[in-house]
1. About the Cα centre, and with charges only on the beta carbon of Lys, Arg (+1) and Asp, Glu (-1), how big is the dipole of the chain? Nearest 20 debye, please.
2. Counting other beta carbons within 10 Å of each Cβ, put Cys65, Cys143 in order, fewest first.
3. Given a cut-off of 20 Å, what percent of all Cα-Cα pairs of the stretch 127-181 lie beyond it?
4. Quick one: P(r) of the stretch 61-219 from all Cα-Cα pairs, 10 Å bins, percents rounded to integers, in order of increasing distance.
5. In straight Cα distance, which lysines are under 26 Å from Lys139, not counting same-chain residues fewer than 8 positions off?
6. When the scattering of the stretch 208-282 is computed by the Debye formula from its Cα atoms alone, each counted once and equally, what is log10 I(q)/I(0) at q = 0.11, 0.15, 0.18 Å⁻¹?
7. Hey, what angle do you get for helix 227-238 against the long axis of the chain, alpha-carbon based, 0 to 90 degrees rounded to 10?
8. Can you sort Asp186, Asp51 by how many other beta carbons sit within 10 Å, fewest first?
Amino acid sequence: MKILVTGGNGFIGSNLIKRLISEGHTLTSIDNLSTGLKEYEVEGCTYIYTDVENIFELNGSFDLCFHLAALSRIQPSFDNPVETFRSNTQCCQIVAEWAKFHKVKVVYAGSSSQWHNPEDSPYATYKKLGEDIFRLYRKTYSCDFEIARFYNVYGPNELVDGKWAAVIGIWRHQIKTGKPITIVSDGEQRRDFTHVDDIVDGLVRIGMGNESHNEAWELGTGMNYSINEVFEMFKERFGDLEKVNLPNQNGNYLETRRENDDTLQRLGWSPKDKLRDYILSL
């Protein structure tokens, strides 16, 4: 199968490409390297370094597209809502139109922020609009589009530095550089931490299968940990750690956890709670 991955140099994209290459598929990645890294290239994949806005310039035909390219963090979206809209919403429109024209199936990376008030952040609003675009094209133009919502992904190739890093990556960098662990608010907010291998497996099942979801496929473990509980796992691995509590942030949800079980039932997807084992392996 000929497959295009947008954001193929990113955390999830690079892991997905590795899996698909191992299964014998023909892979092309398009990435502008705004957050992705060239060092995440996978042998056997063709890499095109340009913005997703230029997707119509690609040569060749594709059977399937995983649209993962986006600015993936909540806090930076407050500082640059215009670029967040361009990357997370406008590019969805362009990918949807391209896929409609070329009759390509698309699996779009949505967000579990959909379950909270989208107006809490530019990120949440624009990811919701991305979902709306793909649902519009599915209903109005009968396009083969699917939406997969991610929950707090961690694992190999996660970013560990800069404004795009998530909590586990941030803490890894802070430990490496001898800095205190930073915990936003009181640390009692809970997150459904999902290993990237399980996310990739879910994406492959959605992309390769024939099942269609009227709403979205929920890719989370169905359980969660408080940030303080995760901190205790890090202490188990690294010993006594200094921590600093930071003021609460806009868009900092109290809880995320997979909302339904139909992805497990309909796709045979079975995510595992690997968080503690992953932290202890660092």
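Values in this text are rule-based calculations from the coordinates and carry no lab data. Since the structure is predicted, the reported quantities are computational estimates derived from the model, not experimental observations. Note that we place each Cβ from the backbone using ideal geometry, even for glycine, and neighbour counts take in every protein chain shown.
1. Numbers: 31 positive and 40 negative charges, 38 e Å.
My answer is approximately 180 debye.
2. Values: Cys65 25, Cys143 19.
Ascending number of Cβ neighbours within 10 Å: Cys143, Cys65.
3. Working: 726 of 1485 pairs.
Value for the stretch 127-181: 49 percent of Cα pairs lie more than 20 Å apart.
4. 10, 36, 35, 14, 4, 0
5. Cα-Cα hits under 26 Å: Lys2, Lys100, Lys103, Lys105, Lys127, Lys128.
6. Cα-only, vacuum Debye calculation for the stretch 208-282: -0.45, -0.74, -0.90.
7. On a 0 to 90 degree scale, this one is about 70.
8. Details: Asp186 11, Asp51 17.
Placing the least packed residue first, the sequence is Asp186, Asp51.
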